[in-house]
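Structure first, commentary second.
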Amino acid sequence: MGNKLDILNDYQVAEKKAAELSNVCAKLHDGDRTQHLQSAYDEKLRSVELQRDNLGVILEAIDAAED
């Protein structure tokens, strides 16, 4: 596991990627795209959100340990 700054950077990258994927998913659901494409992007979004959430838990634990 990396240090706090590495984890924070990874969290911020995951948060940005989740926002971008969320926008793509919203556009796909509004358009006439195939269900397969929508499902693929929804799965990518869930994966990135899970990664972001896990990194958030690690950051909270680090903050609690520092207090």
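Every read-out reported here was derived from the displayed coordinates using simple, explicitly stated rules and does not represent laboratory data. Everything numeric here is computed off the predicted structure, so don't read it as measured data. Cβ: placed from backbone, ideal geometry, glycine included. Neighbour counts: every protein chain shown.
About the Cα centre of the chain, what is the dipole size in debye to 20, counting +1 per Lys and Arg Cβ and -1 per Asp and Glu Cβ, all else neutral? Can you show the working numbers first?
On the way: 8 positive and 14 negative charges, 76 e Å.
That gives a dipole near 360 debye.
Once you put a point 7 Å from the Cα of residue 65 and another 7 Å from the Cα of residue 9, both along the Cβ direction, what distance in nm separates them?
About 1.9 nm, to one decimal.
Based on the inverse mean of 1/r over its pairs of different Cα atoms, what is the Kirkwood hydrodynamic radius of the chain, in Å?
Working: mean 1/r = 0.0765 Å⁻¹.
Final number for the Kirkwood radius of the chain is 13.1 Å.
What angle do you read, to the nearest 10 degrees and between 0 and 90, between the alpha-carbon axis of helix 35-66 and the longest principal axis of the chain?
Computed tilt is about 10 degrees.
Given the Cα-Cα distance of residue 24 and residue 39 and 0.36 nm per residue of separation, how much length would full extension add, in nm?
Gain in length upon complete extension: 4.2 nm.
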